[in-house]
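Structure record follows, encoded as structure tokens.
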């Protein structure tokens, strides 16, 4: 953050903002509370399948630079996903955050963390699309939408209220594959391929890119960051309410999945981190097209997105561990 000069009564001090703390430190060691208000965010997530959404939610909740005005669940059984979020928030003292169920869709993809959700009281959740549009109307130009799941809710919101949707401040998206696909078994890069979130709803992705809202994309190129065992165990051993929830969800993910290693890949948390640490994932303006199979291609023309092709993995992992464990 650039330096800021603050004038007080009879004194001038140089204050430098610290993004990791939400405080400013003045010359001479004086600490002062930041004057900046937390930025408003809405999280749209398919939490409950892969484990990276749980880490992303934990990071967002532990980041004072952001105020969560709502959470909507996406893809498949969105009611059970919302129930999972209810338990997570209740267990971390964050039940005041509104939770909504998004558009239900047919899928045979396993909801690996279903048991966690079903051990919490059920309730009927209001619709996520209507709630998102209402929040945008209440805070025009102020909300960052963090989209880390398939884009069914986003596409439906554009269909229902494109003029309202355009009043978002921006959309930070985990999705797409520009120069590389999913890494091979030894971590080697592979050719571009349809990425999961975009593949489930290519039409929703195309609607977003044509919406006129600033889109900041964190694709496979920059988000395939492994959380290896030493770092993982450091987080789980902390024993605070947030890390306890992530540990529970992690073990359910491992137990009810058959097609991956026990090492999580932190696709979604990197996108979440970008909203307050953009230095971790520098963006390049591009024009992106989505084909009917969900492949995202860089083409010539006026940019419709900014895309991060390479992230600062050590810096991101340090941030994640610091936020979750303190």
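Efficiency by 1/(1 + (r/R0)^6): what FRET value for residue 162 and residue 120, r their Cβ-Cβ distance, R0 = 51 Å, to the nearest 0.05? Could the numbers behind the result be given before it?
On the way: r = 35 Å, r/R0 = 0.70.
FRET efficiency, residue 162 to residue 120: 0.90.
Pulled fully out, how much extra length does the chain show between residue 210 and residue 256, if you take 0.36 nm times their separation in residues and subtract their Cα-Cα distance? Kindly include the intermediate steps, with their values, before the conclusion.
Details: separation 46, 0.36 × 46 = 16.56 nm, distance 3.74 nm.
So the extension gain works out to 12.8 nm.
For a quick check, take a GNM of the chain with Cα springs below 10 Å and name the residue from 184, 176, 102 with the largest mean-square fluctuation.
The residue with the greatest mean-square fluctuation here is 184.
Once you order the gyration tensor axes a ≥ b ≥ c over the Cα atoms, which shape class does segment 39-325 get: rounded for a/c under 1.5, otherwise prolate or oblate by comparing a/b with b/c?
Numbers: a/c = 1.40, a/b = 1.11, b/c = 1.27.
The shape class here is rounded.
As an exercise, find the ratio Rg/Rh for segment 220-326 from alpha-carbon atoms, using the Kirkwood inverse-distance average for Rh.
Details: Rg = 16.5 Å, Rh = 15.7 Å.
With Rg and the Kirkwood Rh in hand, the quotient comes to 1.05.
Measuring from centroid to centroid over Cα atoms, what is the spacing of segment 48-115 and segment 268-326 in Å?
A separation of 21 Å, based on Cα centres.
Need the full-extension length gain, residue 109 to residue 231, defined as separation in residues times 0.36 nm minus the C-alpha distance. One decimal, nm. Present the calculation step by step, with values, prior to reporting the outcome.
Details: separation 122, 0.36 × 122 = 43.92 nm, distance 2.83 nm.
Gain on stretching residue 109 to residue 231: 41.1 nm.
Going by C-beta contacts inside 10 Å, put 279, 244 in order with the fewest on the left. Don't jump to the answer; show the numbers that get you there.
Numbers: 279 11, 244 14.
Lowest to highest Cβ neighbour count: 279, 244.
Can you sort 196, 42 by how many other beta carbons sit within 10 Å, fewest first? All intermediate terms of the calculation are to be shown ahead of the outcome.
Numbers: 196 20, 42 24.
Fewest to most other Cβ atoms nearby, the residues stand as 196, 42.
Write down the percent of antiparallel bridges among all DSSP beta bridges whose residues are both part of the chain, to the nearest 5.
Numbers: 20 of 46 bridges.
Here the antiparallel bridges make up roughly 45 percent for the chain.
Semi-axes of segment 172-268's equivalent ellipsoid from the Cα gyration tensor, sqrt of 5 times each eigenvalue, largest first, rounded to whole Å? Mind showing how you got there, number by number?
Numbers: eigenvalues 161, 61, 32 Å².
Semi-axes, largest first: 28, 17, 13 Å.
Subtract the Cα-Cα distance of residue 289 and residue 240 from 0.36 nm times their separation in residues, and report this length gain in nm to one decimal. Don't jump to the answer; show the numbers that get you there.
Values: separation 49, 0.36 × 49 = 17.64 nm, distance 4.28 nm.
So the extension gain works out to 13.4 nm.
Fewest to most neighbouring Cβ within 10 Å: what's the order for 321, 188? Walk me through the intermediate numbers first.
Numbers: 321 16, 188 8.
With the sparsest Cβ surroundings first, the list reads 188, 321.
With all pairs of different alpha carbon atoms counted, what Kirkwood hydrodynamic radius in Å does segment 30-127 show? Kindly include the intermediate steps, with their values, before the conclusion.
Details: mean 1/r = 0.0707 Å⁻¹.
Computed over segment 30-127, the radius equals 14.1 Å.
Only the coordinates and a few stated rules stand behind these numbers; no lab work does. Computed from a predicted structure; not experimentally measured. In this analysis, Cβ positions are derived from the backbone assuming ideal geometry, glycine residues included, and neighbour counts consider all displayed protein chains.
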